Structures are given as C-alpha cells and as structure tokens.
Amino acid sequence: MMDKSKPICFHELDFVLPVHRFHISFSYTDAQRLSFIREFVLRIVNINPLTPASLAQFFSLSKRELDEALSDLVRSGDLKYRDDGTVELTNQSRSYFSGMEAIPKIEKIDETTGHFNFELAGLNYLGAKKINKNWKFALRLNIDNERKAKSEALARKAFQQHFQDIADRGDVKGVKDNDDNRVNLYNIGDVRKVIEKPLRISHSFSVSHSGEFLERGDIEELKDATEATSLITDAIGLQRQPHNFLEIFKVIDEFDDTKSKAYINDDGLDIPKILSDRQYAESSGADLTPFLGIIYTLENWRLITGILEKNVKQPKRTGHEADELIWLAPNNPFWGKSEKVLSCLQYVRDSAKVTGKKAKKLYQPKLYLPLTENHDRLRRVCGIEFEDFDKDSLFGYTGDFCNGNVEVIVNSDLFAVVIYHLSAPDTSPIPIPFGFMTTDKSHIAYIRLRVKAFLNDIDMATGKPHDIGQLRPK
C-alpha cells in the first residue's frame, strides 16, 4: 500500500559548489589552569587579603614553603604586599578571575597551522578533513572569477568570524574540546589556497499525492545556505526549457503508447491518475506499468532491478547470442546530473553476466550518449565523466532522438522502459519525467525497432549514421 503522507520524488539532481582548502598559520590565546599552590593561594586571597601567617596556617605550609610560594607570586606580578602586611591580588591576577567563585586561568599565546575548508558562495566552514568528492554527474554552481581570485582574503575574514566554531569542532591543533579550555584568536598569519574541490549537494524534486509540486528542501550541509540556494536557482534557470507538450504528444503516438497521453493536462501531468494506475498495475501483475519520475528514482529503479535480478538467478536458455540492452539517453541538460546514474549503470553492467563455473553473458550493455557539438571534444568529456563505467559499453549518437525528449532502455528478452521528459516551466522549473515499463514481447520489439531504426538512419547533418560507435578516446 502506498504511503500517501510521503512526497513522490520525480527527479533528483546533484549540484557541486566550489570549496577552497586553505593552509592557515595563526596564533591563539589559551586560558590554562595554574599550578595547585599558586591557584589556591590566589583563590583565597581573591576572597579577602590575608597575612602570610594566616596563609601558612590555612594551607599547612612551613615558613620556607610559604616564603617560596609567595616570592614566586610576587615576582610574577600576581601578588603584592599592602602596608598592613597582608597580601592582595594585582590587576594582572584579578584578570584571571571571571567572578568570586571562579577558577583562575592565565592566557598563553600558542602558534600553530592547519588546513581548513570554506565553500565560496557563503563562506561556510566545512571542516578540516580533505574533501574527496568529484565534479562528475552534477550541475556546477558558478562562482564569480573575481571572488575565486580573492578567496584567500575572504577566507581570512571567515576564519576570524568562525574561529570559535572551528575550535569547538576540535579542528585547532592542541586544543581540547571542552568548556574549561576556551580559546580566542590572537593573530592570523599566512593564508594560502591549497586546492579546489567540490561540495556535492543533492536535491530531490517532489510532488504530493494530490499533484502539488513541493518546494526544494534545505541544504543541510551548510549553516547559512542563502547564497548556495540562490546559485542553485540560477543554475536551474540557465537550463530552463520551453513547453514541449505537442512534441511529447507526437512521440507518444510513435511509441504505440495507448495510456500516457491521458496523463497530460493543462497543469502538466495528472499525478493522482498516474499513481493510481501504477498501483493497480503492480497489484494486478500487468505487463505495462506507468512510471512517474526519472528512471533512477527509488520506486522506478526497484522495478528494473527486480527483472534483472530474476534474470541473473534464472537466465533463459537460448541458443542465440546475448542481446543488447540499449540505454539511450535523452538530449536533456538535466539528465545524468546525479551520482545515482553511475550506480544504476554499474548495476546494469554487473547484472549482464552469470559468473562461476557456468559463466554466461546475459546481454551486452550499451549506453548511448547524445553528441550534439564538437564530437572529438565531447568524446573526451563523456569518456572522463563515465570512466568508471565499462568503456566497451559506452557509445555515442548524433542528432536528436525524438527531439531529445525521450529516454529508452530496451532488451528484447526482458523489458523496455520509455521515459518522456515533459517540460512545463509554469509548473516545474525542471522537466517532469514520466512514461512506462512494458514486458509485453510485441511492444518491446516495436520499441527496439524504433530505436535501432534511428541509430542506423543517416544523420543529414553529418552524412553518416546517427550511431557513431564506441566513445573510445582517440
């Protein structure tokens, strides 16, 4: 039973925010406890000036021991004698106390260095540990070049502002994390940028079960996310696409899809109807299941992995060679902007064969990526972006398959998935993917035929087939 209290994720995007790691040298004052005798002499004298004889009696000290303790305190400027022979605190030693009951502490200046990370949008402090995230599968958040150039000066100011938080996190060498040992920044020396790395921010875009599009969630990684949130909005806005309702209607007909057209309305999609039809399809075991959202959402990918797992455990015994499993990516700027894409691709790769004594190849994975600009440059870009995927399974195509609005996964023996990327900018700032998965053999065959026909057809712009083959670097 579907939990109607939980929102439905229809898209997931990763954004990467530049972070500079700095080597900073600085000094700080560290309030430390005094030695036992020195502390307790000052504490009792802080309450009331006393004669040396009274102090000797109070602490059970010999005259020699007392003379040595008092001489040390007078010599250090912490005690002075009054005309009546009693001793009292000096202005210096009074500064050790924050109140009558306080424990006296003396400030000591320590010098040290460390590495500290600050993101460049709002200068939030991100800790001292190395950041090992990569820039792949994400939309980059653009930071002004002048701000990047001035990052060392900005980090100096931010380090000063956030120093107490930095110390409280245990990131200042030699400082223990406890309230009895507070530190204060004394001076900042050299601030030097070491490296630039990304902070990965993952966002889910969701709708309610009634079809209401929900606001983006907070950025939990940042204490003050105002600037980063604004940059994310800008990054999405730069890729904003016009309405493509008519194009989607046409493509639905081309894929012999008898249901999806009914889901499109003036507001974009009839979400409740899609959810209702999907629930019925799953409960009844129908061979066509509606999809809402990008392929790699949890609910959608669950159905695909179910089929692939079953295929690994109970592979079909056929005499012909392993069929292709084609994944044709759409020409859409939001596609593949999540690390979950790589996880899904690796799952497809790992499910492609049965290992052990009876090793068998179940299918040949083929990921087709759109190359719409300089082919050699994009070959390199795609090769780097997908280097953790099997290079023998990475292919490219030219031209726009269904005007770039459709994504397909198809294997003749198993299933086909068709996802339409509906652009409804008045409703959602990013495309709303929806479509279906089918296990009907005739429908699968038709979809595969449609995809293969496009790949083998001649691209009028290049005079060559749309399928340009493997994206091996030249």
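Throughout, read-outs are computed from the coordinates displayed, never taken from laboratory work. What you see is a predicted model; the values in this text were computed from it and never measured. No Cβ is skipped: glycine too gets one built from the backbone with ideal geometry, and neighbour counts run over all protein chains shown.
Residues Cys382, Cys9, ranked from the fewest to the most other C-beta atoms within 10 Å, line up as Cys9, Cys382. Rounded to the nearest 20, the size of the Cβ-charge dipole of segment 245-470 about its Cα centre is 1120 debye, with Lys and Arg at +1 and Asp and Glu at -1. Of the cross-linked pairs Lys133/Lys197; Lys136/Lys337; Lys130/Lys193; Lys150/Lys193; Lys366/Lys441; Lys136/Lys452, those separated by over 18 Å at the C-alpha level are Lys366/Lys441; Lys136/Lys452. Sorted on the mean count of surrounding Cβ atoms within 10 Å across their residues, most packed first, peptides 458-465, 44-51, 19-26 read 19-26, 44-51, 458-465. A simple count of charges around Pro433, restricted to other residues whose Cβ falls under 12 Å of its Cβ and scoring Lys, Arg +1 and Asp, Glu -1, yields -2.
Looking at the chain, what % of its DSSP beta bridges pair antiparallel, to the nearest 5?
On the way: 72 of 84 bridges.
That works out to approximately 85 percent antiparallel.
Relative to the longest principal axis of the chain, what angle (0 to 90°, nearest 10) does the C-alpha long axis of helix 36-47 take? Its long axis makes an angle of about 70 degrees.
Just to confirm the filter: which GluC sites (Glu not before Pro) across segment 50-114 are DSSP coil and have at most 10 other Cβ within 10 angstrom of their Cβ?
Glu101
List the aspartates and glutamates whose alpha-carbon lies under 15 Å from that of Lys259, not counting same-chain residues fewer than 8 positions away? Lys259 reaches Asp270, Asp277, Asp287, Asp440. Our estimate of slack between Arg147 and Thr113, defined as 0.36 nm per intervening residue step minus the Cα-Cα distance, is 9.8 nm. Shape descriptor for segment 35-103: Rg over Rh equals 0.92 (Cα atoms; Rh from the Kirkwood inverse mean 1/r). What FRET efficiency, computed as 1/(1 + (r/R0)^6) with R0 = 22 Å and r the Cβ-Cβ distance, is obtained for Gln470 and Asp413, rounded to the nearest 0.05? Approximately 0.45, to the nearest 0.05. Taking label points 7 Å from Cα along the Cα-to-Cβ direction, Glu220 and Asp190 give a separation of 3.9 nm. Among beta bridges from DSSP that stay inside segment 245-470, the antiparallel ones total about 75%.
Farthest towards the positive end of the charge dipole of segment 245-328, among the residues Asn265, Ile248, Leu292, is the Cα of Leu292, using unit charges on the Cβ of Lys, Arg, Asp and Glu.
Projected onto the charge dipole of the chain (+1 at Lys/Arg Cβ, -1 at Asp/Glu Cβ, origin at the Cα centre), which of Phe401, Ser351, Val417 gives the Cα projection farthest towards the positive end? Highest projection toward the positive end goes to Ser351. Between Lys130 and Ser27, the modelled labels are 3.2 nm apart [label points 7 Å from Cα along Cα→Cβ]. On a 0 to 90 degree scale, rounded to 10, what angle separates helix 375-385 from the longest Cα axis of the chain? Roughly 50 degrees between the two axes.
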